[in-house]
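Notes follow once the structure below has been shown.
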């Protein structure tokens, strides 16, 4: 007495179609979240640049006030970049390096030396550019199959093994 499975191809294809639609929807939502987080990181760094420019142009700025503002922004941008890196599962830019640029800024030198302020601004602008370049390389310049395999290697191997087991089970039940 064998077990006979009634395998309906239409149901199988419908299931595969729904899985594909779910994957595309999930990928689109994730990509939009990553893009929004990237834009938020860049906006925060641009606010820091504006803040540095404002204080560098003003001779009445207090170094302690500037330092507390920069510390706040450094923490904020570091958290956002770490979030971005975890969302992409790749380090687009080092959060610690950007935070060190901001925290390592000598506030009294910032007020008195325009060249130093320009160097800090250039370093922060380079960080924005690195984020944009890394994002573009990750999503638009690389091969999608290679990128997907690098990110999801263990899941792909598990899926392959699972499908192999399913096919084997269907073959075994077909002969019973």
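Worth a mention:
- The residues of the range 115-144 that are under 18 Å from residue 23 (Cα atoms) and either in contact (Cβ under 8 Å) with a residue 24 or more places away in the chain or more than 18 Å from the chain's Cα centre (by Cα) (or both) amount to a single one, 139.
- Of everything listed in (1) exposed (fewer than 15 other Cβ atoms within 10 Å of the Cβ); (2) under 30 Å from residue 53 (Cα atoms); (3) in contact (Cβ under 8 Å) with a residue 24 or more places away in the chain; (4) within 20 Å of the chain's Cα centre (by Cα), the single unmet condition for residue 108 is (4).
- Residue list for the range 118-142, restricted to those being within 16 Å of residue 57 (Cβ to Cβ) and at pLDDT below 90: none
- Residue 35 vs. criteria in a helix (DSSP H, G or I), out of contact with any strand residue (DSSP E or B) (no Cβ under 9 Å at 6 or more places or on another chain) and modelled with pLDDT of 90 or more: yes
- Flag for residue 95 being at positive phi and within 16 Å of the chain's Cα centre (by Cα): no
- Failed criterion for residue 97 (all others in (1) assigned by TED's automatic domain parsing to the domain that holds residue 30; (2) without any contact (Cβ under 8 Å) to a residue 12 or more places away in the chain hold): (2)
The values are calculated or read from the model by the stated rules, or taken from the named source; none is laboratory data. Small disclaimer: the values here were computed from a predicted structure and weren't measured. When we count neighbours, we look across all protein chains shown, and the Cβ atoms used for this are built from the backbone with ideal geometry, even at glycine.
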